[in-house]
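Have a look at the structure below, then the notes.
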Amino acid sequence: MGSSPDNKQVTFQQLPDESLKVLQLTDSHLYADPSRCLLGINTLETFDQVLAQALMETGTPDLLLATGDLVHDASDSGYKRLLGRLRLTEIPSYCLPGNHDLPGKMRQLLNQDNVHCIPSVQAKGWSLIFLDSTIPNNDGGRIDKGQLALLKVLLEAHPDKHTLICMHHHPLPVGSRWMDTMVLQNPDSFFDLVVDHPQVKAVLCGHIHQVFETVYKGVKLMGTPSTCVQFTAGEDDFAIDATPPGYRWLSLQPDGEILSGLSSLPNIPSGLDLASMGY
């Protein structure tokens, strides 16, 4: 996968105009109460800080992706607060659900102005597909029959466009026993469909609160740190990592190549409960 030399401080203005410039924010875990904390961190404060830093460091992207676990308590006020933040950017923003979200409520509250909860968007020779990998009342993930059918339709509708598939859950294990209990339950049926459509270049996810990058059956897989708390990679049991909140940027090239990098806040937010055994 392409990346910047130091993996940060790359502005979209430095990249080719014809590339599709994307900012990914994930796992914000906002609450109805703006003062509420997750594992000692005020999630609204860190979301605001990450968003501000991302726009300062990269410039204005073509698209912003919010890839699930947007509102920890799935509250109306939490979604409305997120909507307000995304509206102010004036950037076309695409939201998909995680296991802490309510997809129906998201579609009701977030589908306004420049903020969208839709299955797909096409721009600059690329098709971005947004799947709902959630299972009601379950933290695990699954691309159900309806979503598989939708994916097939969208892939067949745009065979000439390079494709990025986005979902909340990680499609393959990341090597962390507790986290991998929540991995996608039906990866074979998902990847069988993906490999039949060579225009698919990558799968982008959230959920894991850590960096993950690999290639599987010729397709790049990318996972991204949270805008709040990070989980320690490779741990069998729940563990908090002393890494600041962050984001991912992507530059989708006309030839199908993907340039991508990561950046994080300069410091760990005060109050982070590194001793926590779960949440």
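Just so you know, all these numbers are worked out from the coordinates, no wet-lab data involved. Worth saying up front: this structure is predicted, and the values here are computed from it rather than measured. As a convention, Cβ positions derive from the backbone with ideal geometry for all residues, glycine included, and neighbour counts pool all protein chains shown.
Sorted by packing (mean other beta-carbon atoms within 10 Å per residue), highest first, where do 19-32, 263-276, 56-69 land? Working shown, then result.
Numbers: 19-32: 24.8, 263-276: 14.3, 56-69: 21.4.
Ranking the peptides 19-32, 263-276, 56-69 by packing returns 19-32, 56-69, 263-276.
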Cut-off 20 Å (backbone N to label point 7 Å along Cα→Cβ of ARG36), residues of segment 94-127: 96-110
Which of GLY40, LEU155, HIS168 sits closest to the plus end of the dipole of the chain, meaning its Cα is farthest towards the positive end, when Lys and Arg get +1 and Asp and Glu get -1 on the C-beta? LEU155
Gaussian network model of the chain, springs between alpha carbon atoms under 10 Å - residue of TRP178, TRP126, TRP249 with greatest fluctuation: TRP178
Using the Karplus equation 6.51 cos²θ - 1.76 cosθ + 1.60 (θ = phi - 60°), what ³J(HN,Hα) coupling, rounded to whole Hz, does each residue of segment 168-174 give in order, writing x for Gly and Pro? 7, 6, 6, x, 9, x, 10
For segment 83-176, shape from the Cα gyration tensor axes a ≥ b ≥ c, cut at a/c of 1.5 then a/b versus b/c, turns out oblate
Cα extents of segment 189-279 per principal axis, largest first, Å, are 46, 28, 16
Simple label model, 7 Å out from Cα along Cβ direction - ASP192 to GLU213, nm: 3.2
Ignoring solvent entirely, what values of log10 I(q)/I(0) come out of the Debye formula for the chain at 0.09, 0.10, 0.15 Å⁻¹ when each Cα is a single scatterer? -0.37, -0.46, -1.13
Partners for LYS217 among lysines (Cα-Cα distance below 24 Å; same-chain residues under 8 apart left out): LYS145, LYS152, LYS161, LYS201
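Would you mind calculating the gained length between VAL153 and ASP237 on full extension (0.36 nm times residue separation, minus the Cα-Cα distance), in nm to one decimal? Each step should come with its number before you reach the end.
Numbers: separation 84, 0.36 × 84 = 30.24 nm, distance 3.91 nm.
Taking VAL153 through ASP237 to full extension adds about 26.3 nm, to one decimal.
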Using θ = phi - 60° and the Karplus curve 6.51 cos²θ - 1.76 cosθ + 1.60, what whole-Hz ³J(HN,Hα) does each residue of segment 258-275 get, with Gly and Pro shown as x? 10, 8, 8, x, 10, 8, 9, 4, x, 9, 5, x, 5, x, 4, 8, 5, 8
What is the P(r) of segment 129-209, as percent of Cα-Cα pairs per 10 Å bin from 0? 18, 53, 24, 4
Amide H proximity to THR134 below 5 Å, modelled H, separation 5+ or other chain, gives ARG142
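Restricting to Cα pairs below 8 Å that are 6+ residues apart, what does the relative contact order work out to for the chain? Please round to a whole percent. Intermediate values should be presented prior to the final figure.
Details: 653 pairs, mean separation 64.0, N = 279.
The normalised contact order for the chain reaches 23 percent.
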